[in-house]
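Values in this text are rule-based calculations from the coordinates and carry no lab data. Note that this is a predicted model, so its numbers are computed, not measured. When we count neighbours, we look across all protein chains shown, and the Cβ atoms used for this are built from the backbone with ideal geometry, even at glycine.
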Amino acid sequence: MREKLKLILICAAAYFLMDAPVQMTQILPYYAGIKNFLPSVLGLFFGAYGIAGCMMGCVLSACLVNPDLPAVIHECYCIAATGLVMFIGWHITAKSHRPSLKSWPDYARYILLLAVGCILCGKLNVSFAYFITGLTIGIPVTILFSSLLYIEPVIPKRYTYFPDADFCLLPNAESLEGANEILEMSAMKRGVKMKRILEIQSCIEELAIRIQKAHPDAKISVSIIFGEAISARLHYGGKKYNPFMLEKNEDEIDIMSLKIIKHRAIRASFSYSGGENFVHVVV
């Protein structure tokens, strides 16, 4: 529940920060501004939580800047229309329920759903404003979220997502050998080149060594997604330990291995919640 609330508040803050400065000038009408791409993109990725966040940001901006009740109600309706059409429409029509724009059918689906959601806004000028920003800003942001940042989307329970490869690493050599076999077989089925396979293997191995050095009995769960970039998520229990942080007494070999990971990775992040450590690496 805490994570969902945090997601709503982040979406609300993003909408407010893009909306309030424009509304304070009072040069543009209430429906104008770059904020208009947010409902479609945040709705697509986060569903009801993204939509609720956008509505909260809209109401907050209106209360502080221009409290016009009919305008706020209409803007919230447009947020719901564009966000829900994108979220529901994508999961009904797409085979992959992780939003992405990797092929022409994906672009066509995105543009069609965006057009339907914008038409439901009613007024032509409002629909046009939402559609243009959804194309010019929404498409690049969607590509960024799905291909580079690997933002974790909210997926309906009926469309359970399964990673391309998943396994557990135990503190023994046999476990690592078995994991490498699973990774190689899964990657080859997806047409991933051996060079890329070796890159993600080496990153996972180095991280596992660092984690199991701090937690000798750690059971590390690994899930991998193959795409334009390769996303690997590791999580393990125990006290908080960030494998990307250097300790004062670490030797040169450990320092070098960490530098290699950071050099190869597009993204390397760590979080800790509820007694679980979460690591995300994209190479």
How large is the Kirkwood hydrodynamic radius of the chain, counting all unique pairs of alpha carbons, in Å?
20.8 Å
Alpha carbons only, please: Rg and Dmax for region 193-249, in angstrom.
12.7, 38
re region 47-200: pairs of Cα atoms spaced beyond 19 Å account for a percent value of 65 percent
Pairing the Cα long axis of helix 173-189 with the longest principal axis of the chain, what angle in degrees results, from 0 to 90 and rounded to the nearest 10?
50 degrees
How charged is the neighbourhood of SER96? Take every other residue with its Cβ under 10 Å from the Cβ of SER96, and add Lys/Arg as +1 and Asp/Glu as -1.
+2
Give the angle, between 0 and 90 degrees and rounded to the nearest 10, that separates the Cα long axis of helix 2-25 from the longest principal axis of the Cα atoms of the chain.
40 degrees
On a 0 to 90° scale, report how tilted helix 124-136 is relative to the longest principal axis of the chain, with both axes built from alpha carbons and the result rounded to the nearest 10.
20 degrees
Work through the residues other than CYS63 whose Cβ is under 14 Å from its Cβ and net out their charges, Lys, Arg +1 and Asp, Glu -1.
-3
Which residues among region 201-231 fall inside the zone where the amide N is under 11 Å from a point 7 Å beyond the Cα of LEU170, along Cα→Cβ?
219
